[in-house]
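Readers should treat all values here as calculations from the given coordinates under stated rules, not as data from a laboratory. What you are looking at is a predicted structure, and each value in this text was computed from that prediction instead of being measured. Neighbour counts are summed over all protein chains in view; Cβ atoms, including those assigned to glycine, are modelled from backbone coordinates with ideal geometry.
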């Protein structure tokens with residue numbers, strides 16, 4: 001682990017789902033709100049619904065990553081996969097307008113409790129941007145909902161490719177007019193960080209033990225990252241933010 | 001002029017040079033700072049330098065717009081055109097590092113006095129983004145310098161094309177997941193607004209009489225725009241922002 005004190009880093013780019021926001025309980029809350037009246041309270045388990053939807057996330061992006069289909073924003077992939085999840089949960093009679101509304105569940109996720117506080121501290125010193133597979137409208141909605149102090153929205157839709165495609169990681173220093181080593185990628189997923197590191201970015205791992213509600217146990221640290229932290233407060237401390 | 005009360009508008013996108021920031025006095029200030037020691041105080045007239053540099057703006061982008069060269073960010077075009085301006089002003093002996101620094105003059109422009117106050121009011125109600133020919137790093141620098149409350153950075157570099165190419169205007173509703181008529185383009189230049197209107201965006205003209213330091217006199221209003229205002233305060237008033 002190389003030492004990083006923030007002195008040479010100019011910008012921080014963030015994975016969002018699981019790293020900044022708690023997608024699981026947020027999606028489950030919206031699923032409960034939108035489906036309870038439709039399918040009878042209790043007929044669909046909202047947390048299992050959220051988990052099953054998330055399971056389809058990587059396969060749906062792989063269709064784009066492998067070139068089998070042209071790039072479409074994540075909202076389009078979510079709109080397709082929600083149909084599969086509804087069928088799997090025996091809720092085939094849900095009308096299209098509700099399916100469209102379910103897609104917007106991913107625009108209404110709450111940040112982890114430390115996230116906004118840590119980002120505000122980091123914003124005073126560093127350029128901050130999401131580098132997510134979520135689209136621009138989605139990131140804008142999340143940021144306006146919670147006050148995430150992004151300076152710009154980078155990520156998949158800006159370049160028409162999904163992480164871990166190298167072009168996404170390369171776009172962060174290029175579009176911010178920085179060297180790759182001046183950009184620190186922050187994520188709760190070591191695979192994301194490994195892909196960022198392969199493109200020359202610095203990396204910080206954030207331990208988010210509750211992302212999968214205990215169904216998966218993320219490692220406490222990423223020994224290959226420049227930093228491993230347990231919160232954005234600690235990230236701000238370690239990077240010398242006031 | 002159709003009535004616009006802000007009720008159906010969800011996002012405002014802004015021209016930046018001349019509309020949000022005062023490029024002329026800002027560039028002149030940086031030119032004076034960077035060149036005075038080099039070429040002898042008074043040898044270069046900073047305001048004339050700024051005007052001459054701006055004169056090369058449209059022709060340099062036309063090289064890209066017509067397909068004669070691939071897209072490069074505005075910083076690259078500014079780096080090329082500053083060489084021409086320096087020669088025209090008899091300052092050929094300026095070293096490359098100073099020329100690079102001059103390009104960053106466009107990252108250090110101050111907003112018009114009403115701009116930040118008006119944008120903050122508008123931000124409470126509308127999604128706000130620059131839709132400028134300036135690049136992402138430039139917009140981030142301007143926003144961080146002055147506290148411009150952008151929700152995202154849209155514009156030329158995001159789509160690899162320069163206004164008035166239709167693809168730039170089309171990208172604003174597409175990337176914000178809105179209909180064109182839900183997006184209001186704000187600019188101090190009627191040609192920019194005409195191009196936006198041709199793509200279905202609503203338009204608001206802002207009178208910025210000092211943009212060209214009196215060398216050109218912009219019209220007081222744009223009769224083809226949905227709104228004409230004299231400040232972002234008035235824009236916020238007219239759109240019902242608190």
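Test of understanding: among B:132, B:123, which residue is within 14 Å of chain A (Cβ to nearest Cβ) and surrounded by 24 or more Cβ atoms within 10 Å (Cβ to Cβ)? Write out each step before concluding.
Values: B:123 fails: surrounded by 24 or more Cβ atoms within 10 Å (Cβ to Cβ).
Going through B:132, B:123 in turn, the sole match is B:132.
Exactly one of (1) farther than 22 Å from residue A:10 by Cβ; (2) in contact with a helix residue (DSSP H, G or I) (Cβ under 9 Å, 6 or more places away or on another chain); (3) away from chain B (no Cβ under 13 Å) is unmet by residue A:207. Its number?
Failing condition for residue A:207: (2).
Can you spot a residue in the stretch A:102-117 that is crowded, with 20+ Cβ neighbours inside 10 Å, within 28 Å of residue B:132 (Cα to Cα), more than 10 Å from chain B (Cβ to nearest Cβ) and in contact with a helix residue (DSSP H, G or I) (Cβ under 9 Å, 6 or more places away or on another chain)?
No, because not a single residue in the stretch A:102-117 is crowded, with 20+ Cβ neighbours inside 10 Å, within 28 Å of residue B:132 (Cα to Cα), more than 10 Å from chain B (Cβ to nearest Cβ) and in contact with a helix residue (DSSP H, G or I) (Cβ under 9 Å, 6 or more places away or on another chain).
Can you tell me which residue within the stretch B:141-170, out of those that are free of Cβ contacts under 8 Å to residues at least 24 places away in the same chain and touching a helix residue (DSSP H, G or I) at 6+ places or on another chain (Cβ under 7 Å), is farthest from the other protein chains (Cβ to nearest Cβ)? Let's see the steps before the verdict.
Residues of the stretch B:141-170 that are free of Cβ contacts under 8 Å to residues at least 24 places away in the same chain, as a first pass: B:143-144, B:150, B:158-159, B:167.
Cutting the leftovers down to touching a helix residue (DSSP H, G or I) at 6+ places or on another chain (Cβ under 7 Å) gives us B:150, B:158-159, B:167.
Values: B:150: 8, B:158: 6, B:159: 9, B:167: 13 Å.
So the residue we want is B:167.
Only one residue in A:44, A:64 is farther than 22 Å from residue A:216 by Cα, buried (at least 17 other Cβ atoms within 10 Å of the Cβ), out of contact with any strand residue (DSSP E or B) (no Cβ under 9 Å at 6 or more places or on another chain) and in contact (Cβ under 8 Å) with a residue 24 or more places away in the chain. Which one? Don't jump to the end; show me each part of the working.
Details: A:44 fails: farther than 22 Å from residue A:216 by Cα.
Residue meeting the stated conditions: A:64.
Quick test of your reading of the structure: residue B:174 fulfils all but one of (1) within 12 Å of chain A (Cβ to nearest Cβ); (2) buried (at least 24 other Cβ atoms within 10 Å of the Cβ); (3) more than 18 Å from residue A:172 (Cα to Cα). Name the failing condition by number.
Answer for residue B:174: the failing condition is (2).
Given the conditions (1) without any contact (Cβ under 8 Å) to a residue 24 or more places away in the chain; (2) at positive phi, report the number of the one that residue B:90 does not fulfil.
(1)
Among the listed residues B:138, B:201, identify the single one that is within 11 Å of chain A (Cβ to nearest Cβ) and crowded, with 22+ Cβ neighbours inside 10 Å. Steps first, answer last, please.
Values: B:201 fails: within 11 Å of chain A (Cβ to nearest Cβ).
After applying the criteria, what remains is B:138.
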